[in-house]
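Visitor: Right, I'll just put the structure down here and ask away after.
Nothing in this text is a laboratory measurement; each read-out follows from the coordinates by a stated rule. Remember, it's a predicted structure, so these values are computed and weren't measured experimentally. So basically every Cβ, Gly included, is an ideal-geometry build from the backbone, and we count neighbours across all protein chains shown.
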2 protein chains.
Amino acid sequence: MPIEAASDGTDYDHGLELRHETVRAIVIREPGGPEVLEMREVPTPEPARGEVRVRIRATAVNRADLLQRLGRYPAPPGAPPDIPGLEIAGEVDALGDAVTELALGDRVFGLVGGGAYAEHVVVHARTLARVPASLTLADAAAVPEAFVTAWDALIDQANLTAGETVLVHAAGSGVGTAALQVAKAVGAQGLGTARTAEKLERCRELGLGEGILVDDDGTFADDVLARTGHRGADVVLDLVGGPYLPQDLACLAQKGRIIVAGTLGGGQATLNLHLLMRKRASVRGTVLRARPLEEKIATAQALERHLAPLFVRGLLHPVVDSVLQLEQAAEGHRLMQSNRTFGKIVLAV
Amino acid sequence: MPIEAASDGTDYDHGLELRHETVRAIVIREPGGPEVLEMREVPTPEPARGEVRVRIRATAVNRADLLQRLGRYPAPPGAPPDIPGLEIAGEVDALGDAVTELALGDRVFGLVGGGAYAEHVVVHARTLARVPASLTLADAAAVPEAFVTAWDALIDQANLTAGETVLVHAAGSGVGTAALQVAKAVGAQGLGTARTAEKLERCRELGLGEGILVDDDGTFADDVLARTGHRGADVVLDLVGGPYLPQDLACLAQKGRIIVAGTLGGGQATLNLHLLMRKRASVRGTVLRARPLEEKIATAQALERHLAPLFVRGLLHPVVDSVLQLEQAAEGHRLMQSNRTFGKIVLAV
């Protein structure tokens, strides 16, 4: 039996609401454009054993949300099929049985399999991390997908270490700005690509390494080689995919690692196996969504143990392009589709 | 100043020869067919500080030797440019200064950057491993390339562990037969592909897991899925490359690892990045030759610490197709080109 948030207000004063039969959520009416996102009342979720319910205060828009809205990225089993949203920041407002990790009112953030465009979501307690006191919940909502993707890809998967060079594509994106910060925080040299000089300039203002403008011919490999003394990049974080992959390999250092975390430019690539062998290089694909529970817990631990302290120490900063209201989710999607954003689009709930 | 093998015969009686001004070696006269391999007298190599000279008793033929003979795989710096041969078994017959690891007369085997088709070669002492007493030197020469490639690829790079399934292409090749044995020795399940039923039957006689006949349409992915309960293979060791890679990915398990160690079928491949991401899979290229000294030492340590004990315990066996004399190197190359061999072609020196 879930323990509800105390209604007498004695324990805390975070403005938590009483339990309602329904809560508000953005629902995908049918596959389509931003206009299919509509606010609805949905049943209040109840936490089961080991789970908590979070009163979401902010979420953020991800490319995957746009794909899900178009019907091209179904929610994994266990997530609401029609409510998008992969990351949350909020307060614990109900505890399932046997939850010892968190208490009512705790400020938490983390990744969810879906359903974050809502006032409430229910998740396993161990998949959440505590929000450092120095972060607002709106800022905290800009952190999980971008920084956990970057940390997981660069550190856990590519073993990026101090002194190495990492090439980050789509440097102005949420993941891109996070990856350049993570690289800097661990002593690695960041090189970012973007399609506009303005995004590179903003990266530079954030102290995020060197920028390479990818102009109309779409090439960057020669620039990367020139800026690394022809050694190449040790790690590439690629969110573009198809047309970039052959170039990633061409400007990769010996024993370099390419991590493919997105396919904005296309999902088919040509791979030169001779070069892959000669460089003893690797290409790895990664997604955060649809991981099994134990790996979701591991990412929450990375968020709490590795990333949160770096935010506290001021080595990492959420990069927020804009804060909209949850009701403006459709506008948030249009904004992301415009490719003119820099950093994350947060939706306040 | 090198210490020569004692000529009074008091220390050992391995039939070591006295030092000559020249030794015999197979030299690539010019790029071309097997007929360009000719026996010549070449200067006797002298070991420098930290090096030893080995009186080679046997070497073996590798695909790379054929490519080098054709002028398509130049020797790395430091290796003789015109004497092929990547692996040796023999006795230490001269020590450079400061060598403490080995003594004159020690039976050793290992990988060399080139120059193994000869009576003598000089290498760094730490890049050699001791031959177990249970192996003849002819058998020992069939071990280094095949088993170190298999160990390095499956264990060190792909982290193959007990209970997993590995798909090995070209199962009847030197590396293929070694990989299936290594897989079995560490508790993994081996699945091998070959283009003839006879090779699969010979694998079966060696107890080397299940075989999949790749017939004229060149497909195997459905078979692999069917034999793994549609889970797919955790690791693929691919020596074929180009046409096989898309299928490798199609029949790969979640978080599977593809290691490309050869491109017999072509060096360009198409990579489905969506599938790579969804499976969170990786593709890695590997070569043994031209590694830096510290990694050559690491492979020698794998040979001595991990592989040699398994030969002693009878869990691994050299697979020798035929033993020719060094003078017959051209015939050895023709035999390998025929694709009718099973296991290694050894050249006795």
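Visitor: What net charge do the residues around B:Thr299 carry, taking every other residue with its C-beta under 12 Å from that of B:Thr299, with Lys and Arg at +1 and Asp and Glu at -1? Before the final figure, lay out the partial values.
Guide: Working: positive: B:Arg126, B:Arg289, B:Arg291, B:Lys296, B:Arg305; negative: B:Glu87, B:Glu145, B:Asp152, B:Asp156, B:Glu294, B:Glu295, B:Glu304.
Once all neighbours under 12 Å are counted, the net charge is -2.
Visitor: Also, quick follow-up: Name the residue from B:Ala194, B:Ala183, B:His274 whose Cα lies farthest towards the positive end of the charge dipole of segment B:152-283, charges +1 on Cβ of Lys and Arg and -1 on Cβ of Asp and Glu.
Guide: B:His274
Visitor: Determine the calculated [θ] at 222 nm for chain A from helices alone, applying -39500 (n - 2.57) to every DSSP H run no shorter than 4 residues and normalising by the residue count; nearest 500 deg cm²/dmol.
Guide: That comes out to -5500 deg cm²/dmol.
Visitor: Rounded to the nearest Å, what's the spacing between the alpha carbon centres of segment B:310-349 and segment A:115-156? Just the number, please.
Guide: About 57 Å separates the Cα centre of segment B:310-349 from the one of segment A:115-156.
Visitor: Given a Förster distance of 22 angstrom, what is the FRET efficiency for A:Asp215 paired with A:Leu275, based on the Cβ-Cβ distance and rounded to 0.05?
Guide: Between A:Asp215 and A:Leu275 the formula returns 0.35.
Visitor: As an exercise, use a Förster radius of 30 Å and the Cβ-Cβ distance of B:Ser134 and B:Glu201 to find the FRET efficiency, rounded to the nearest 0.05. Walk me through the numbers on the way to the answer.
Guide: Working: r = 27 Å, r/R0 = 0.90.
Approximately 0.65, to the nearest 0.05.
Visitor: Also, quick follow-up: Within segment B:209-237, whose backbone N sits under 20 Å from a point 7 Å along Cα→Cβ of B:Arg313?
Guide: B:209
Visitor: If you don't mind, there's one more thing I want to ask. Excluding B:Asp223 itself, what net charge comes from residues whose Cβ is under 14 Å from its Cβ, given Lys and Arg +1 and Asp and Glu -1? Display every interim value, and only then the final one.
Guide: Working: positive: B:Arg195, B:Arg227, B:Arg231; negative: B:Glu210, B:Asp215, B:Asp217, B:Asp222, B:Asp248.
Combined, the nearby Lys, Arg, Asp and Glu give -2.
Visitor: Normalized C-alpha radius of gyration of chain B, against 2.2 N^0.38 Å?
Guide: Numbers: Rg = 20.4 Å, N = 349, 2.2 N^0.38 = 20.4 Å.
Computed over Cα atoms of chain B, the ratio equals 1.00.
Visitor: Please state, to two decimals, what the Cα-based radius of gyration of segment A:146-285 comes to when divided by 2.2 N^0.38 Å (N = residues).
Guide: So segment A:146-285 has a normalised radius of gyration of 0.92.
Visitor: Also, quick follow-up: Give me A:Lys279, B:Lys296 ranked fewest to most by other Cβ atoms within 10 Å of their Cβ, as a rough exposure proxy.
Guide: A:Lys279, B:Lys296
Visitor: Turning to a different aspect of this structure: By the scheme Lys and Arg +1, Asp and Glu -1, what is the net charge of all other residues having a beta-carbon under 14 Å from that of B:Arg69?
Guide: Every neighbour counted, the sum reads -2.
Visitor: Semi-axes, largest first, in whole Å: what does sqrt of 5 times each Cα gyration tensor eigenvalue give for segment B:206-349?
Guide: 30, 20, 18
Visitor: Tell me, how many Å apart are the Cα centres for segment B:43-83 and for segment A:222-265?
Guide: Using only Cα atoms, the two centres lie 34 Å from each other.
Visitor: While we're looking at this one, here's another question. What's the exposure ranking of B:Ser282, A:Ser173, going from fewest to most Cβ atoms within 10 Å?
Guide: By the 10 Å Cβ count, ascending: B:Ser282, A:Ser173.
Visitor: Let me ask something additional. What is the spin-label model distance, in nm, from B:Asp222 to A:Glu21 if the labels are put 7 Å beyond Cα along the C-beta direction?
Guide: 5.5
Visitor: Still on this structure, I have one more. Under unit Cβ charges (Lys, Arg +1; Asp, Glu -1), what dipole magnitude, rounded to 20 debye, does segment A:289-341 have relative to its Cα centre?
Guide: 160
Visitor: From the square roots a ≥ b ≥ c of the eigenvalues of the alpha-carbon gyration tensor of segment B:294-336, which class results: rounded (a/c under 1.5), prolate (a/b over b/c), or oblate?
Guide: Taking the square roots of the gyration eigenvalues as a ≥ b ≥ c, segment B:294-336 is oblate.
Visitor: Here's a follow-up. Taking 2.2 N^0.38 Å as the expected size of a compact globular protein, what ratio does the Cα radius of gyration of segment B:114-154 give against it, to two decimals? Walk me through the intermediate numbers first.
Guide: Details: Rg = 11.5 Å, N = 41, 2.2 N^0.38 = 9.0 Å.
After normalising by residue count via 2.2 N^0.38 Å, the value is 1.28.
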